[in-house]
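What follows is one structure encoded as structure tokens, with my remarks underneath.
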There are 2 protein chains.
Amino acid sequence: MTPVGDPPHGTATDPRITRTRKDVLGAALGLLTSQGWDAVTHANLASGTGYSKATIYKHWPTRTAVLRDALLQLDDIPHHRPTGDLRADLIGEMTAFRAGMRDYGLDRAMAVLAEQARSWDELAEVRDELVSGGDRVVRELLATRLSGTELSVGTKMLSGTLFYSALMYGQVPDDEVIATTVDILLRAIANDGAA
Amino acid sequence: MTPVGDPPHGTATDPRITRTRKDVLGAALGLLTSQGWDAVTHANLASGTGYSKATIYKHWPTRTAVLRDALLQLDDIPHHRPTGDLRADLIGEMTAFRAGMRDYGLDRAMAVLAEQARSWDELAEVRDELVSGGDRVVRELLATRLSGTELSVGTKMLSGTLFYSALMYGQVPDDEVIATTVDILLRAIANDGAA
């Protein structure tokens with residue numbers, strides 16, 4: 001997906017433009033996860049970053065444009081690099097997901113996005129891209145052992161347990177919760193004849 | 001938790017008052033799940049229900065009061081009544097959870113509540129009460145087979161998978177997804193020596 005907020009002049013690799021984009025989008029994500037959707041306005045971004053409103057409007061003519069690009073930054077949160085040990089890899093990837101929730105407010109940003117995506121098709125695309133990218137590593141790891149509905153459900157079981165814990169219980173999962181979640185799923189996989 | 005919006009006159013069992021409360025709180029929940037948090041105002045509730053703003057203010061002096069009581073209605077969504085067959089009971093309870101998402105926008109209401117609860121202590125209490133009540137039947141069912149962290153994680157795996165599917169994939173889970181989620185967890189439970 002190409003960002004809609006490409007600068008209208010210069011090139012995307014111009015270091016000043018790269019810097020402006022990074023500053024403003026970082027501030028936008030911070031506002032979104034700390035104060036909510038409505039706080040992400042050109043005026044708040046200008047006062048928070050020191051750039052003029054005119055500059056910010058040049059990069060992102062609408063609120064939707066800046067929100068979209070701010071959210072797409074979540075696609076860059078690092079994933080675990082698989083090593084070939086399934087248990088360690090699943091725990092590593094879930095630990096990376098936790099870091100995204102703790103350091104970038106990933107769970108809150110996704111919940112807000114899910115709400116807004118119901119009425120904004122463009123944001124539904126952003127949600128789908130982020131969720132599909134976010135779950136990609138887990139899905140690939142589990143695809144060595146599961147397929148079909150079980151693969152889809154197993155993927156959602158891992159991400160969903162941690163997301164639900166963080167969002168609805170207000171508890172970013174600790175190491176024990178992550179390991180227990182992975183181990184329960186692996187026990188089911190090891191027992192696949194007993195359903 | 002006692003509703004804060006108790007009527008300032010009459011009794012809670014006065015049928016006219018009961019009717020007013022039901023109408024307004026139903027409208028509030030509808031606005032919340034269809035148009036979001038900011039749409040739930042005394043003015044919108046008055047125009048949506050035909051009651052005067054003054055009447056609505058008499059019952060709920062603040063937006064927080066009406067939002068709180070509207071959300072607490074979700075506590076009344078029916079649960080499955082356990083029969084003693086663990087698999088059927090877990091599937092039954094997850095099917096009731098799905099009905100809550102489909103018929104009352106439970107997933108969206110909870111996501112909005114989770115966001116708002118971060119800055120409003122009173123709403124954090126509402127969230128905790130709803131989540132704890134919502135997961136109670138699942139937890140009791142699983143407590144016959146799991147304990148400690150496994151019980152807590154197993155509970156979140158079931159609810160979390162369905163919640164994550166509905167909210168982040170935009171797919172209210174179908175019967176196959178519900179049965180597969182339950183069966184994966186039951187396979188893990190049947191294999192509890194193999195972790």
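Here are the numbers:
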quantity	calculated
Over the range B:61-173, relative contact order from alpha-carbon pairs under 8 Å, at least 6 apart, %	27 percent
Average other protein chain Cβ within 10 Å of Cβ, residues A:41-54	0
Listed peptides B:50-61, A:100-111, B:159-170 by packing density, highest first (mean Cβ within 10 Å)	B:159-170, A:100-111, B:50-61
Alpha carbon centroid spacing (whole Å) that separates the range A:55-111 from the range B:97-124	23 Å
Cα-projected label distance for A:ARG63 with A:LEU86, points at 7 Å along beta-carbon direction, nm	4.7 nm
Hydrodynamic radius by Kirkwood, which averages 1/r over all alpha carbon pairs of the range A:22-115, in angstrom	14.3 Å
Inter-copy label distances at B:THR62 (7 Å, Cα→Cβ; nm, one decimal)	3.6
Chain B: relative contact order as a whole-number percent, Cα under 8 Å and 6+ apart	19 percent
Rg(Cα) / (2.2 N^0.38 Å) computed for the protein assembly as shown, rounded to two decimals	1.06
Spin-label pair B:ALA96/B:ASP192, simplified geometry with 7 Å Cα→Cβ offset, distance in nm	2.3 nm
Shape metrics for the range A:85-133, restricted to C-alpha atoms - Rg then Dmax, Å	13.1, 42
Proximal lysines relative to B:LYS22, as straight alpha-carbon distance under 18 Å, when same-chain residues fewer than 8 apart are discounted	B:LYS53, B:LYS58
Residue mean of other protein chain beta carbons inside 10 Å, A:185-192	6
Per-selection Rg to Rh, the range B:15-73 - Cα, Kirkwood hydrodynamic radius	0.91
In degrees, nearest ten, helix A:15-35 long axis to first principal axis of chain A (Cα)	60 degrees
Across the identical copies, how the A:VAL172 labels are spaced - nm, sorted shortest first, 7 Å along Cα→Cβ	3.4
All-pairs alpha carbon distance profile, the range A:50-195, 5 Å steps from 0, percent	2, 9, 17, 19, 17, 14, 9, 6, 3, 2, 1, 0, 0
Counted charge near A:ILE178, where neighbours are those whose Cβ lies closer than 10 Å (Asp, Glu -1; Lys, Arg +1)	-4
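Each reported figure results from applying straightforward, stated rules to the coordinates on display, with no laboratory input. These numbers come from a predicted model, not from an experiment. In this analysis, Cβ positions are derived from the backbone assuming ideal geometry, glycine residues included, and neighbour counts consider all displayed protein chains.
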